[in-house]
Amino acid sequence: MTTTAAARPYKGVFPVAPTIFDADGRLDLDGQKRAIDFMIDAGSHGLCILANFSEQFVLTDDERDLVMRTVLQHVAGRVPVIVTTTHFATHICAERSRRAQEMGAAMVMVMPPYHGATFRVPESAIYDFYRAVSDAIDIPIMVQDAPVAGTPLSVAFLAKMAREIEHLAYFKIEVPGAANKLRALIEAGGDAIIGPWDGEEAITLMADLDAGATGAMTGGGYPDGIREIIDPYVAGDREAALDAYQRWLPLINYENRQTGLACAKILMKEGGVIAHDTLRAPLPPVHPATRTGLIEIARRLDPVVLKWGR
């Protein structure tokens with residue numbers, strides 16, 4: 001499956017790259033590079049790093065910079081890379097975003113400010129937060145509208161930010177009723193909504209494509225499978241896309257509901273892409289029976305990941 005560097009507006013399959021650790025939970029930069037090479041070879045139109053599915057929340061600031069620099073230098077422009085720069089503090093998020101741009105990021109992805117179960121800020125502060133990030137950079141911003149932030153972002157508010165904040169133009173929608181929200185956002189924001197994207201491991205991908213989604217940010221284990229859904233859909237063959245979605249949905253569901261962010265690492269280790277599928281403590285390892293179930297379902301689909309490193 002061929003992959004070429006995507007031109008703006010960015011579209012297609014941009015999976016989240018896991019952060020690779022050795023058996024002791026330390027960064028494995030050689031393994032990181034192999035994971036990136038596999039994801040590109042498997043058909044990713046672009047990549048996202050340092051997202052929640054990358055375990056960004058277990059990394060030190062120095063480790064974040066090291067992973068970002070390592071990946072961007074290794075990709076070397078083969079595909080666009082989105083860097084997640086989320087932070088509660090406005091100036092820190094803006095500085096992270098500026099560094100990402102300087103190192104070669106194509107876009108930054110940012111959740112609204114949140115901390116823990118209750119620390120939130122009002123819409124006016126969220127607006128100023130995103131505006132400050134936009135003022136610091138010259139590349140697009142993707143708003144990550146995800147339940148983990150616990151911050152309601154109305155369609156009207158998202159559309160207002162898209163119209164009024166220069167670089168804010170992409171939206172990863174992964175809240176309940178994502179298709180309805182995507183459809184309403186596209187209608188409310190018009191041409192200001194450059195990138196309405198699907199998320200949450202593509203569990204609602206068909207509905208989201210029907211609603212107008214033009215990109216999908218999924219897990220990193222099987223971009224070739226997501227391509228089998230999106231490519232025919234974009235080409236106008238919805239029936240073929242539906243057939244592919246039906247084939248891949250059990251694996252998507254297993255990732256979404258059983259293994260979560262461990263999925264890509266488990267598949268990559270099984271296929272010889274990486275040496276270890278370590279999750280950094282205190283995240284618990286996946287139960288062996290769950291791991292077996294994941295691999296059993298994956299083998300029926302013959303994804304690139306299970307043979308790339310063999």
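The values are calculated or read from the model by the stated rules, or taken from the named source; none is laboratory data. All values derive from a computational prediction rather than experimental measurement. Quick reminder, even Gly has a Cβ in these numbers, built from the backbone with ideal geometry, and neighbours come from all protein chains shown.
Things to note:
- Matching option when the condition is crowded, with 23+ Cβ neighbours inside 10 Å, of a type outside the set (Phe, Trp, Tyr) and assigned to a loop (DSSP other than H, G, I, E, B), among 219, 212: 219
- Filtered residue count, the stretch 230-241, keeping only those that are over 10 Å from residue 13 (Cα atoms) and either surrounded by 15 or more Cβ atoms within 10 Å (Cβ to Cβ) or within 21 Å of the chain's Cα centre (by Cα) (or both): 5
- Whenever a residue of the stretch 256-273 is touching a residue at least 24 places away in the same chain (Cβ under 8 Å) and surrounded by fewer than 24 Cβ atoms within 10 Å (Cβ to Cβ), its partners that are assigned to a helix (DSSP H, G or I) and among the acidic types (Asp, Glu), lying with C-beta atoms within less than 6 angstrom and at least six residues away or across chains, give the pairs 256/201.
- Any chance residue 92 is touching a Pro at 6+ places or on another chain (Cβ under 7 Å), farther than 23 Å from residue 21 by Cα and hydrophobic (A, V, I, L, M, F, W, C): no
- Residues located in the stretch 26-50, provided they are part of a loop (DSSP other than H, G, I, E, B) and free of Cβ contacts under 8 Å to residues at least 12 places away in the same chain: 26
- Within the stretch 90-106, residues that are farther than 17 Å from residue 143 by Cα and without any contact (Cβ under 8 Å) to a residue 40 or more places away in the chain reach partners that are surrounded by fewer than 18 Cβ atoms within 10 Å (Cβ to Cβ) and not hydroxyl-bearing (Ser, Thr, Tyr) with beta carbons closer than 9 Å, at six or more positions or on different chains, in the pairs 99/65; 103/65; 103/69; 103/73; 104/73; 104/76; 104/77.
- Inclusion of residue 173 among residues that are among the β-branched types (Val, Ile, Thr), buried (at least 23 other Cβ atoms within 10 Å of the Cβ), within 30 Å of residue 235 (Cβ to Cβ) and under 21 Å from the mean Cα position of the chain (by Cα) is warranted.
- Unique residue being crowded, with 23+ Cβ neighbours inside 10 Å and under 28 Å from residue 223 (Cβ atoms) when the list is 79, 71: 71
- Taking first residues from the stretch 119-135 that are modelled with pLDDT of 95 or more and partners that are exposed (fewer than 13 other Cβ atoms within 10 Å of the Cβ) and acidic (Asp, Glu), the Cβ contacts under 7 Å between residues at least 6 apart in sequence or on separate chains come to 134/166.
- Qualifying residue in the stretch 94-108 (condition: assigned to a strand (DSSP E or B), at pLDDT 95 or above and under 21 Å from residue 42 (Cβ atoms)): yes
- Residues that are assigned to a helix (DSSP H, G or I) and closer than 19 Å to residue 59 by Cα, drawn from the stretch 264-289: 264, 265
Each row is one residue, and each column tells you yes or no for (1) in contact with a strand residue (DSSP E or B) (Cβ under 6 Å, 6 or more places away or on another chain); (2) at pLDDT 95 or above; (3) acidic (Asp, Glu); (4) within 17 Å of residue 54 (Cβ to Cβ).
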residue: 234; (1), (2), (3), (4): no, yes, no, no
residue: 250; (1), (2), (3), (4): no, yes, no, no
residue: 255; (1), (2), (3), (4): no, yes, yes, yes
residue: 264; (1), (2), (3), (4): no, yes, no, yes
residue: 268; (1), (2), (3), (4): no, yes, no, yes
residue: 279; (1), (2), (3), (4): no, yes, no, yes
residue: 294; (1), (2), (3), (4): no, yes, no, no
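So that you can scan it fast, the table gives a plain yes or no per residue for (1) buried (at least 20 other Cβ atoms within 10 Å of the Cβ); (2) over 16 Å from the mean Cα position of the chain (by Cα):
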residue	(1), (2)
117	no, yes
123	no, yes
131	no, yes
134	yes, yes
137	yes, yes
142	yes, no
152	no, yes
158	yes, yes
